[in-house]
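The values are calculated or read from the model by the stated rules, or taken from the named source; none is laboratory data. In this text the structure is predicted, and so the values were computed from the model without any measurement. Quick reminder, even Gly has a Cβ in these numbers, built from the backbone with ideal geometry, and neighbours come from all protein chains shown. Protein only, heavy atoms only, side chains kept; ligands, DNA and RNA dropped before computing areas. Shrake-Rupley method; radii C 1.70, N 1.55, O 1.52, S 1.80 Å.
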Amino acid sequence: MSKPEPIDKFQLITDKLITLIDRGVKPWSKPWHSTPYQNLLSGHQYTGMNPILCAIDTILYGYEQPFFVSFCQAKEIGWSIKKGAKSTWIRWGGTNVKETEDPDTGEKSKQFFSAFKFHNVFNVACIDDSKSDVKISAHISQIKLMAVGNNSARIESAETFIDRHAPKTHFGGDVACYLPEKDTIAMPKFECFTSPATYYATYIHELVHWTGHPTRCDRPLANKFGSHAYAFEEMIAEIGAAMVCNELGVNCDIEHHASYLDGWLSVLKQDKKAFFEAAKKATTAAQFLMGSTSEN
């Protein structure tokens with residue numbers, strides 16, 4: 001019996017992402033729930049790109065809860081996977097070390113290198129707990145489902161966050177953009193936005209572009225509109241803004257022109273790893289802005 005071909009996780013997830021964008025859906029915008037994506041049993045909240053990977057499947061398969069468990073966890077307490085259920089692939093990343101010894105001198109040295117691997121988990125909608133005394137609903141009831149909302153004129157956490165970085169910003173006009181040559185963000189005035197959330201989501205989107213400056217995260221920013229590089233940087237800014245906005249409790253449902261979506265589709269269809277590369281750079285930008293160096 002021949003061994004089955006291994007699953008190409010990059011291609012699998014990219015195909016799902018393309019399906020959603022074809023529908024006009026951006027999985028990194030999460031206005032429909034505020035509870036972090038997490039492991040239901042351990043309580044571990046997913047970070048980095050993993051919330052986005054969970055969001056892709058949550059939207060695609062219509063999951064109602066942001067809770068996931070591994071196959072082994074489910075089996076250990078008597079839960080089973082429903083027939084036909086699809087697993088969600090998430091990534092573990094970290095630093096490994098390899099110790100080497102010089103054959104001539106005997107001197108030992110350590111080499112550090114980045115590593116990652118995929119793990120598959122299942123949303124609780126895929127789990128059958130009928131034959132177990134441990135119920136999914138009991139675990140969910142123990143978790144406080146927080147509702148995020150803000151009716152005030154300004155969102156204090158977002159104001160404090162932006163003020164901490166103090167980016168040079170010109171307010172006025174009807175264009176939001178980052179100007180690399182001037183290291184300046186251009187923003188319409190607060191009053192012009194439909195809500196405080198859209199104002200901060202847009203501002204933070206441009207702030208992620210701002211991190212691309214050579215003195216910060218150093219990404220190429222002089223990209224021609226409509227080019228592959230331009231679309232790639234827009235993916236970085238959108239995903240990075242989503243990560244930051246999620247931390248600040250800001251609904252980051254930013255409206256985009258169809259040309260942006262078309263650009264992202266073009267990038268994704270040409271390179272199956274483009275989304276992961278963009279997410280990696282977005283994570284670096286978000287960590288820079290949030291003042292964190294931890295990795296998922």
Give me the extension gain from His44 to Lys98: residue separation times 0.36 nm, minus the current Cα-Cα distance, reported in nm with one decimal. 16.6 nm
Quick one: Karplus J couplings for segment 77-89, per residue in order, coefficients 6.51, -1.76, 1.60, θ = phi - 60°, nearest Hz, x for Gly and Pro? 10, x, 8, 10, 8, 5, 4, x, 5, 9, 7, 10, 8
Set Lys110/Lys281; Lys9/Lys269; Lys83/Lys131; Lys117/Lys280; Lys82/Lys135; Lys9/Lys224, cut-off 19 Å on Cα-Cα distance; pairs above it are Lys110/Lys281; Lys9/Lys224
Give the accessible area for Leu221 in Å² (nearest 10); use a 1.4 Å probe, count only protein heavy atoms, and leave out ligands, DNA and RNA. 40
Check the straight Cα-Cα distances from Lys189 and name the lysines below 26 Å, setting aside those fewer than 8 residues away within the same chain. Lys26, Lys30, Lys168
Cα→Cβ-extended label distance, 7 Å offset, between Lys168 and Lys108, nm: 5.2
Pulled fully out, how much extra length does the chain show between Thr194 and Ala125, if you take 0.36 nm times their separation in residues and subtract their Cα-Cα distance? 21.3 nm
Rounded FRET efficiency, nearest 0.05, which uses the C-beta distance separating Asp218 from Lys269 and R0 of 22 Å: 0.20
List the residues, sorted by chain then number, that are 5 or more residues from His213 or on another chain and whose placed amide H is less than 5 Å from its amide H. Asp218, Arg219
Sorted by chain and number, the residues with a modelled amide H under 5 Å from that of Ile127, at a separation of 5 or more or across chains, are Lys82
Give me the distance in nm between label points sitting 7 Å out from Cα along the Cα-to-Cβ direction at Thr19 and Thr160, one decimal. 4.1
Using modelled amide H (1.01 Å from N, peptide plane; none on Pro or chain starts), what sits under 5 Å from the amide H of Thr184, excluding residues fewer than 5 places away? Leu179
